[in-house]
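Enquirer: Here it is: the structure, laid out below.
Throughout, read-outs are computed from the coordinates displayed, never taken from laboratory work. Remember, predicted model here, so these are calculated numbers, not experimental data. Here Cβ is always computed from backbone atoms with ideal geometry, including for glycine, and neighbour counts include all displayed protein chains.
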Amino acid sequence: MRKLIIAFLFLVAVVGGILVKAENFNFRRDEISVTVTGEVEEKSVLILPSGTKLLDIIDKIILSENADSNFFNQDITLKNNDIIVVPVKTEKTKISLNYASLEELCCLNGIGPVLAQRIIDYRESNGFFQNLQEVMNVKGIKNKIFIKIKDDICL
């Protein structure tokens, strides 16, 4: 069955014009796939053991010279299909929805401890935010608050 699935995925990839390494599909249920993109030397997909923390993979990520390495909350446990977007350095420090602590989130205009905890609970149950607008899926955060915080947040 596994060979059939790999053959099907390979066929889909070839028909779609994408060359996919079969080794990318050889991960077990106790492993997760995490994509690293943004200000890195090379976008990569990492196959990691379940329960891996961001701290455990920092040495596998080669940051570009423009990368903001201070955004990492290294204690976060990664989940399957998480996307780590390394932001570019800016003069104004943005707060990461995916890595910020409760205290950091509370620094955002209109976000108090209750909403900050809801953001953390959301990302822990759903995985990393995939885009900034996804924060509006958190109970209590709608367009009015999003407009206040959008320039101060990043993934």
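Enquirer: Run a plain Debye calculation on the range 70-110 (Cα atoms as equal point scatterers, no solvent) and give log10 I(q)/I(0) at q = 0.19 Å⁻¹, rounded to two decimals, same order as the q list.
Expert: Relative scattering, expressed as log10 I(q)/I(0), comes to -0.64.
Enquirer: So, one more: Under a Cβ-Cβ cut-off of 11 Å, what is the net charge of the residues other than S96 that fall near it, where Lys and Arg count +1 and Asp and Glu count -1? Please list the in-between numbers first.
Expert: Values: positive: K94, R123; negative: D68, E104, D152.
Summing Lys/Arg as +1 and Asp/Glu as -1 gives -1.
Enquirer: Stokes-Einstein at 10 °C, 1.306 mPa s, Kirkwood radius from Cα pairs: D for the range 62-153 in µm² s⁻¹?
Expert: Values: Rh = 13.7 Å.
Roughly 116 µm²/s, to the nearest whole number.
Enquirer: Something else now. Excluding residues on the same chain fewer than 8 positions from K92, give the aspartates and glutamates whose Cα lies under 13 Å from its Cα.
Expert: Those aspartates and glutamates meeting the cut-off are D68, D151, D152.
Enquirer: Counting Lys and Arg as +1 and Asp and Glu as -1, what is the net charge of the other residues whose Cβ lies under 12 Å from the Cβ of G110? Each step should come with its number before you reach the end.
Expert: Details: positive: K142, K144, K148, K150; negative: D152.
That works out to +3.
Enquirer: In a shell of Cβ-Cβ distance under 12 Å around V85, excluding V85 itself, what net charge do Lys and Arg (+1) and Asp and Glu (-1) give?
Expert: With Lys, Arg at +1 and Asp, Glu at -1, the neighbours total -1.
Enquirer: So if I take the centroid of the Cα atoms in the range 77-135 and the same for the range 32-56, what is the distance between those two points in Å?
Expert: 17
Enquirer: Here is a follow-up. How about K53: which lysines have a C-alpha closer than 24 Å to its C-alpha, ignoring those fewer than 8 places off in the same chain?
Expert: K43, K79, K89, K94
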